[in-house]
1. Among the lysines, select those whose C-alpha is under 18 Å from the C-alpha of Lys98, and discard any that sit fewer than 8 residues away in the same chain.
2. Using the Kirkwood formula on the Cα atoms of the stretch 48-152, what hydrodynamic radius do you get, in angstrom to one decimal?
3. Sort 5-13, 113-121, 47-55 by packing, meaning the average of other beta carbons within 10 Å per residue, with the highest value first.
4. In terms of Cα to Cα distance under 13 Å, which aspartates and glutamates are near enough to Lys118, apart from those fewer than 8 places away along the same chain?
5. Arrange the peptides 138-144, 62-68 so that the one whose residues have, on average, the most other Cβ atoms within 10 Å appears first.
Amino acid sequence: MFTNRFLIIVGLISLLLTGCGNETGKQSGTKNSVNITNISNQNVYDQEPSNKAKKLLAAKKNVTAIDAVNTDKKMIIAIEVPHHERFQLKDIRDKLTKELKKQFKQEEITVELSTDQKIIWELEKLEEKLQKNNISNKELKKEIKRISKLMKEQT
């Protein structure tokens, strides 16, 4: 009777320790890779400021994906952060927005940054259209204005 309980307890402890072991291959010493798509500069608007912002944000440890699109006066950027840093989302957003506004002050481009998933999806679609040259100047301005309005909505 005692040996059966002992074997069950030892089995459960070994099962627990095996489940809580170190995960191999998942972020153990590997550098955080950021999902960036550079947009060609031969499009409707020169997307160099967006690409510059992407490179700047890619160096940050708390950014996992970046989407950015700009016109001559406005740039909209959407970033994803790791799940465990979602509690500091407002601080991260404020800090990065301040840094980007300072960086693009000379170019006189208004910078808007979002961490909202809806904005990320919208910018991904817009980047894809820009990459394929399926959008005109007027349409791009209209889309930027629409996405900017979406960013200001309270959910």
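Every read-out reported here was derived from the displayed coordinates using simple, explicitly stated rules and does not represent laboratory data. What you see is a predicted model, and the numbers here were worked out from it, not measured in a lab. Counting neighbours? That spans all protein chains shown, and the Cβs are built from the backbone with ideal geometry, glycine included.
1. Hits, sequence-local ones excluded: Lys52, Lys54, Lys55, Lys60, Lys61, Lys73, Lys74, Lys90, Lys152.
2. 13.9 Å
3. My ranking of the peptides, most packed first, is 47-55, 113-121, 5-13.
4. Result set, ordered by chain and number: Asp67, Glu80, Glu153.
5. The packing order, highest mean first, is 62-68, 138-144.
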